[in-house]
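Visitor: Okay, here's the structure, questions in a sec.
Please treat every number below as a calculation from the coordinates, not as lab data. Every value quoted in this text rests on a predicted model; they were computed, and no experiment measured them. Virtual Cβ from ideal backbone geometry, glycine too; neighbours counted across all protein chains shown.
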Amino acid sequence: MMAPAVTVLAAVALYPTFASIALSFQRLILVFHEQRFVGAGNYAFLLRDARFWGALRNTVYFTLVSVAAELCIGLAIALLLHARPPARTLLRAAILVPWAVPTVVSARMWAWFFTREPSRLWGVVSLPDIAWLGTPGYAMHAAILVDVWKTTPFVALLLLAGLSGIPSSLYEAAVLDGASRVRTFFSVTLPLLRPILAVTALLRTLDAFRVFDVVYVLTEGGPANTTETLSIYAYKTMMRAGDFGYGSALSVMTFLCVLLLGAAYFVWMPREDR
Amino acid sequence: MRRRAALSALTGLSLSAALSCCGTERRAERKPGGKLPLVVKYQPLGESDAFQRLLRAFESDHPGVTVVAEALPSSSDVAHQFFLTALEGASQDFDIFVVDIVWVAEFARAGWLLDLSPLVAPDEVRRDFLPNIVDGVVLDGKTFAVPWYVDTGVLYYRTDLVTRAPATYDDLVRTARDITRGRRELGGFVWQGRQYEGLVCNVYEAIWGHGGDAHPGDGLLLQTDAARAALHYLQSLLASGVSPPSVTSAGEEETRRTFQAGRAVFMRNWPYAFAESERAGSPLRGKVGLAPLPTLRGEPGHGVLGGYQFGVNAHIAADKRELAVALVRHLTSREASIDLAAAYGRSPARGDAYRDPRLAKEAPLVAALAPAFERARPRPVTPYYVMLSDILQGEFSAAIAGIRRPEDALARAASLVHRLTGLG
């Protein structure tokens, strides 16, 4: 009974993964019909490749900051919506707008906003006169801001679903026991929300780690490769430069990192929360 | 991403394997109507039907042929990627296609461009086209593409703010400082400093302006005094405020908009921006002058040579090739070049077009740019150009942003280039 499912899984997931790994042991430049086995040569270069380490650092930083911000802001929004404000349905639909806009479109819109001179939001909010997308240090945070703007609604909605699943009898009991609102949050809400928080964090981490479109549209990895993530480096190496061997080695490294993150989740989460 | 790339790599491999083992002669297929379709892939030219009229003229000269023009994405990166995938997969969906000057060596080496020498002799190309473009399309004595139109970097200046264009870098910096003093809304000199191909063009122009060699040849000019001086100069423009910070994230269009909104005295750009500034409703109409790029010592600067050529897809049926070349000849003829110059402001790649009085009459701006095209210089001609440029973009960007010293950025670039391509 399992055979068809296993076959499909092998064809769509395992085969390409192993093909990538096999490619990563070759020098393969399709355009020039150049293909030879180089063993671990690509990986040996990768360990010395400052651009790879830079990309890894950028990716980790992007992931940590954006996921942390999305979880905090998302949780705050979920709590507000859960408190049954007026026009709750309307609000719930409204916060989803950034999530519904295709990433490339919203990133383009933000890019336009960041590069306007002088940059103004609705003619009111004025940003300091900084080349946001052209200054090392600022560009990465601009990308994180756009990602947080886009993905927080998704996080908020998942957490809102989690909040709705907490039985109201527990809150009533907390009130009877005379618990403060803060105490209720830390003793009732947070522990019961933990499984869904963990899943959301995992989903977002894996997604953020492979980030491509937001950053690529905003900066193409510039300035000075300070916003180049692993996916962008791999993409440029393969699709622009046509170096599939080294590009595959970069992809395999990304894959290994994601695998490690996933494994860490399973190791650290208590069994009943998974 | 990873999976898709791996898959396309595999399909590419299996396709080329399939092709090499069968090796059957392909024959052109006629459509039910009996007409032979010729498909042209080109980059969008602008608002005019002059290009369509040229195609219809070809059809009336060749009854039995119907020409289909298919536009490519206007981003040259995306177009390059399209060709990489389509041609590696031995696509026969198009017959002739535009090739950026920096792709010719790569596509020729990959075997995607039909060797046109039997039909368009290298000597003929040398005779008819601008000498500097010929080196980009005639490789190892074979014609791989026919130049269509050329492009080069020029200096724009505001005639209402300055009386003449600066000839030296010092002159440019001093003039920009004097005029922008006390005017916060007005920037000095805008150019393309975002990490992309345009930055490489700006840097090469600065290298030549500092006395760098004409032909990179075997080396890439990376570890030279001229290259270090060029990066120092560009970085100092930003550090001293002569160029506004927005330059570090600007491409051609961003700089053009800044300049056209009246927020800069000088701009480096391609000639297309002139037509835009002269358009009805533009605040700068009649206030813009064009000049050669400045240099260290004051002789007219060399702009980067850009532009597009037509190549013939090496995978198309053998009996279609002659027609395809006829279409290329038709589109790159003197008459056609002048039509395109008049309709779209594209500068002819043919030397004889500049000697034709019709060009001066119908496209005076293009005719006036002739000396700039004669001085224009190619970027390094190598099959590895795109790979090379990717490395240079990151390191040049680091140098102008001031996070690496020019000498360090150049040394890093040289070692990366060496490892990837064996060049440098």
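Visitor: May I have the extent of the alpha carbons of region B:255-297 along their three principal axes, as whole Å values ordered from largest to smallest?
Guide: Principal-axis extents of the Cα atoms in region B:255-297, largest first: 38, 17, 15 Å.
Visitor: Quick one: of A:Lys236/B:Lys41; B:Lys41/B:Lys142; B:Lys41/B:Lys320; A:Lys236/B:Lys142; B:Lys142/B:Lys361, which pairs are farther than 28 Å apart, Cα to Cα?
Guide: A:Lys236/B:Lys142; B:Lys142/B:Lys361
Visitor: With the cut-off at 38 Å, report for chain B the share of all Cα pairs above it, as a whole percent.
Guide: Distances greater than 38 Å cover 24 percent of the Cα pairs.
Visitor: Going by amide H atoms built from the backbone, whose H comes under 5 Å of the H on B:Asp151, apart from near neighbours?
Guide: Under 5 Å from the amide H of B:Asp151: B:Gly306, B:Gly307.
Visitor: Let me know the mean shielding of A:15-25 by other chains, meaning the per-residue number of their Cβ atoms within 10 Å of its Cβ. Working shown, then result.
Guide: Working: counts 4, 7, 3, 1, 6, 7, 1, 2, 5, 1, 0.
The per-residue average across the peptide is 3.
Visitor: Can you give me the convex hull volume of the Cα atoms of region B:217-307, divided per residue and expressed in Å³?
Guide: Expressed per residue, the convex hull around the Cα atoms of region B:217-307 is 135 Å³.
Visitor: For a test of the definition: using alpha carbon positions, the gyration tensor, and the 1.5 limit on a/c, classify region A:1-82 as rounded, prolate or oblate.
Guide: Here region A:1-82 falls in the oblate category.
Visitor: Subtract the Cα-Cα distance of B:Asp135 and B:Glu322 from 0.36 nm times their separation in residues, and report this length gain in nm to one decimal.
Guide: 64.9 nm
Visitor: Still on this model: For region B:384-391, what does the Karplus curve 6.51 cos²θ - 1.76 cosθ + 1.60, with θ = phi - 60°, yield as ³J(HN,Hα) per residue in whole Hz, taken in order and with x for Gly and Pro?
Guide: Values, residue by residue: 8, 3, 5, 4, 4, 4, 4, 5 Hz.
Visitor: Taking N as the number of residues in region A:88-230, what value does Rg over Cα atoms divided by 2.2 N^0.38 Å take? Please report the intermediate quantities before stating the final value.
Guide: Details: Rg = 19.5 Å, N = 143, 2.2 N^0.38 = 14.5 Å.
Normalised Rg, Cα atoms only: 1.35.
Visitor: At 0.36 nm per residue, minus the direct Cα-Cα distance, what do A:Leu256 and A:Ser187 gain on full extension? Give it in nm, one decimal, please.
Guide: Working it through step by step, the gained length comes to 21.2 nm.
Visitor: Ratio of Rg to Rh for region A:156-253, alpha carbon only, Kirkwood?
Guide: We get a ratio of 1.30 for region A:156-253.
Visitor: I'd like the Kirkwood hydrodynamic radius of region B:291-339, using the inverse of the mean 1/r over distinct C-alpha pairs, in Å. Don't jump to the answer; show the numbers that get you there.
Guide: Working: mean 1/r = 0.0705 Å⁻¹.
About 14.2 Å, per the Kirkwood formula over Cα pairs.
Visitor: Which of A:Val105, B:Val200, B:Val381 has the fewest other C-beta atoms within 10 Å, and how do the rest follow up to the most?
Guide: Details: A:Val105 10, B:Val200 24, B:Val381 17.
By the 10 Å Cβ count, ascending, the order reads A:Val105, B:Val381, B:Val200.
Visitor: Around A:Ser164, with a cut-off of 15 angstrom between Cβ atoms, what is the net charge of the other residues, counting Lys and Arg +1 and Asp and Glu -1?
Guide: Values: positive: A:Arg84, A:Arg88, A:Arg92; negative: none.
Its environment carries a net charge of +3.
Visitor: Could you give the angle, 0 to 90 degrees to the nearest 10, between helix B:334-344's Cα long axis and the longest principal axis of the Cα atoms of chain B?
Guide: Helix B:334-344 sits roughly 50 degrees off the main axis of chain B.
Visitor: Right, something else. Of B:Arg321, B:Arg181, how do they rank once you tally other Cβ atoms within 10 Å and put the fewest first?
Guide: B:Arg181, B:Arg321
Visitor: Taking the Cα atoms only, what angle lies between the long axis of helix A:190-209 and the longest principal axis of chain A, rounded to 10 degrees?
Guide: Long axis of A:190-209 versus the principal axis of chain A: about 20 degrees.
Visitor: Moving to a separate point now. Just the number, please: Stokes-Einstein D of region A:1-157 in µm²/s, Kirkwood Rh from C-alpha pairs, 25 °C, 0.890 mPa s.
Guide: Value of D from the Cα-based Kirkwood radius: 122 µm²/s.
Visitor: How many nm is it between the label spots at B:Asp170 and A:Arg84, if each spot is 7 Å from the Cα in line with the beta carbon?
Guide: According to this spin-label approximation, the distance is 7.9 nm.
Visitor: Excluding B:Val304 itself, calculate the net charge of residues whose Cβ lies under 15 Å from the Cβ of B:Val304, where each Lys or Arg counts +1 and each Asp or Glu counts -1.
Guide: That sum, taken over residues with Cβ under 15 Å, equals -4.
Visitor: Quick one: of the DSSP bridges fully inside the protein assembly as shown, what percent are antiparallel, nearest 5?
Guide: Once the DSSP bridges in the protein assembly as shown are tallied, antiparallel ones form about 70 percent.
Visitor: From the P(r) of region B:20-162, can you give the percent of Cα pairs sitting at distances over 22 Å?
Guide: For region B:20-162, the share of Cα pairs beyond 22 Å comes to 53 percent.
Visitor: Would you please report the Å³ per residue occupied by the convex hull of the alpha carbon atoms in region B:142-208? Numbers along the way, then the final one.
Guide: On the way: hull volume 10.6 nm³, N = 67.
Per-residue hull volume (Cα only) is 158 Å³.
Visitor: Two decimals is fine: what is log10 I(q)/I(0) at q = 0.13, 0.17 Å⁻¹ for region B:236-367, from a Debye sum with one equal scatterer on every Cα and no solvent?
Guide: Debye curve over Cα of region B:236-367, log10 I(q)/I(0) at q = 0.13, 0.17 Å⁻¹: -0.75, -1.05.
Visitor: Now for a separate question. For region B:378-424, what is the Kirkwood estimate of the hydrodynamic radius, computed as the reciprocal of the mean inverse distance between distinct Cα atoms, to one decimal in Å?
Guide: With all distinct Cα pairs of region B:378-424 included, I get 10.8 Å.
Visitor: Between beta-carbons, use under 12 Å as the cut-off and find the net charge around B:Tyr272, counting Lys and Arg +1, Asp and Glu -1.
Guide: That sum, taken over residues with Cβ under 12 Å, equals -2.
Visitor: Report the per residue volume, in Å³, of the convex hull enclosing the C-alpha atoms of chain A.
Guide: 195
Visitor: Using the Karplus equation 6.51 cos²θ - 1.76 cosθ + 1.60 (θ = phi - 60°), what ³J(HN,Hα) coupling, rounded to whole Hz, does each residue of region A:94-109 give in order, writing x for Gly and Pro?
Guide: 5, 5, 6, 3, x, 6, 7, 6, x, 3, 4, 5, 5, 5, 4, 4
Visitor: Now for a separate question. What's the percent breakdown of Cα-Cα distances in region B:301-424 across 5 Å bins, shortest bin first?
Guide: Answer for region B:301-424: a P(r) of 2, 10, 14, 12, 12, 12, 11, 12, 9, 4, 1, 0 percent.
Visitor: Same structure again: Using only DSSP helix segments of four residues or longer, with each worth -39500 (n - 2.57), what per-residue ellipticity at 222 nm results for chain B after dividing by its residue count and rounding to 500?
Guide: -14000 deg cm²/dmol
Visitor: Now for a different question. Over all distinct Cα pairs, what is the inverse of the mean 1/r for the protein assembly as shown, reported as the Kirkwood hydrodynamic radius in Å?
Guide: 28.1
Visitor: Another one. Just from its helices, what would the mean residue ellipticity at 222 nm be for chain A, if runs of 4 or more DSSP H residues each count -39500 (n - 2.57) and the sum is divided by every residue, rounded to the nearest 500 deg cm²/dmol?
Guide: -21000 deg cm²/dmol
Visitor: A follow-up question, please. In degrees, nearest 10, range 0 to 90: what is the angle between the Cα axis of helix A:138-164 and the longest Cα principal axis of chain A?
Guide: Tilt of helix A:138-164: around 50 degrees.
Visitor: At a 10 Å Cβ-Cβ cut-off, how would you order B:Met267, A:Met2, A:Met140, fewest neighbours first?
Guide: Fewest-to-most ranking of B:Met267, A:Met2, A:Met140: A:Met2, A:Met140, B:Met267.
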